[in-house]
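Values in this text are rule-based calculations from the coordinates and carry no lab data. As the structure is a computational prediction, the values presented were derived from the model and not from experiment. Note that each Cβ is placed from the backbone with ideal geometry, even for glycine, and that neighbours are counted across all protein chains shown.
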Amino acid sequence: MACDTNINCFKGNSDMKKKNRSLLPMIYCVIFLAFLLGLLLIVIKAKSKKNPSQGFPTAPPVLTVTQSPTQTPTPNPVISSLTNYMAGEILSLENMDFSKLSQYFTASEIDDALLERIQGKSYRENPDISVNELRYLKILHYNFNEEIQVGELIVNEKIATDCLEIFQNLFEHKYEIKSMYLIDNYWTGDSSSTDEASMNADNSSGFCYRTIANTTKLSNHALGYAIDINPYENPYITYKNGQPVHHQDSGELYADRSVIREHMIDHNDLCYQLFTQKGFTWGGDWKNSKDYQHFEMTVR
Ligand SMILES: [Zn+2]
């Protein structure tokens, strides 16, 4: 609206000036607050640059949780029987319970499965011995690598308990035996060459229905009364016209017993001592031949 008169215009201008004057403090106040706010933002921004972990909330840090590779250790299963372990298997010391050592030295009857394994090999129908008179021994022994190894052996039932005690005693003294498998594992087709194969493999064994090498006389092995220990280092030697006859590969190498080397049996050897304490005789004491691996019991 335009002013009608100078007076009215003057009056109007005067009112407006009053209104403007009343708004000024409010404007100053707003400007001041805006200034303060700006200042506050600058300060906060400066602080957040100095220490990024503070200030405005940022996206939560991604925590990488590294899983510990160590899991709850499971206890080692304790072997309480050798039933499910084959001869030649190496067992860990951690799995053994030596407070019940005799549980690893057992004798059992020849069952059908075992008879099938030896039938026509170490055992055949004969008038001298029946399978009912034989016992299958499962034992532990230390091998040449100082490992605990499962062994098996067939002997006459009359010496089974003595043998178990001897082998347990040998084990307790960490006596080393290379291997102890049934001689059937080396079967060649005849008992004589099978015996040689087992000896050449340094395998300790017991029962085998056979004659004494190069004779028609029944061996004590045929009745389960004889056991050969570490045959490679303890060879069987016979003499013909004063000359030694070797029956195995290592014969010459170990014929000289004047110097006793590792695994050679002599009168100071624990194996010799334990077997003879039970009434066994040693082939190393024979006069006409020497069988350093051989222990036998004469049962009347
Ligand atoms: Zn023998």
Using alpha-carbon positions, what is the distance between the centroids of the range 202-253 and the range 161-178, in Å?
21
The range 276-282 - phi-based ³J(HN,Hα) in whole Hz, Karplus 6.51/-1.76/1.60, Gly and Pro as x:
5, 4, 8, x, 6, 9, 10
Which of the trypsin sites (Lys or Arg not before Pro) found in the range 158-208 are in a DSSP loop and have at most 13 neighbouring Cβ atoms, other than their own, within 10 Å?
K174
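When a footprinting reagent is the concern and you count Cβ atoms within 10 Å, what order do L270, L223 take, fewest first?
Fewest to most other Cβ atoms nearby, the residues stand as L270, L223.
Within the range 90-296, how many Lys pairs sit with Cα atoms under 16 Å apart, leaving out pairs fewer than 8 places apart on the same chain?
Working: K100/K138; K138/K178; K158/K278; K240/K287; K240/K290.
Lysine pairs satisfying the spacing and distance rule in the range 90-296 number 5.
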Take the alpha carbon gyration tensor of the range 90-296, find the square roots of its eigenvalues, order them as a ≥ b ≥ c, and report rounded if a/c is under 1.5; if not, report prolate when a/b exceeds b/c, else oblate.
oblate
Least to most buried among V155, V245 (fewest other Cβ within 10 Å first):
V245, V155
Placing unit charges on C-beta atoms (Lys and Arg positive, Asp and Glu negative, everything else neutral), compute the dipole magnitude of the range 90-296 about its Cα centre in debye, rounded to 20.
500
Of M180, C163, S219, which is farthest towards the positive pole of the range 140-250's charge dipole, taken about the Cα centre with +1 and -1 on the beta-carbons of Lys, Arg and Asp, Glu respectively?
S219
Give me the percent of DSSP beta bridges within the range 90-296 that run antiparallel, rounded to the nearest 5.
90
Mind ordering 82-88, 134-140 by average Cβ neighbours within 10 Å, highest first?
134-140, 82-88
Could you work out how far the C-alpha centroid of the range 260-295 sits from that of the range 83-111, in angstrom?
26
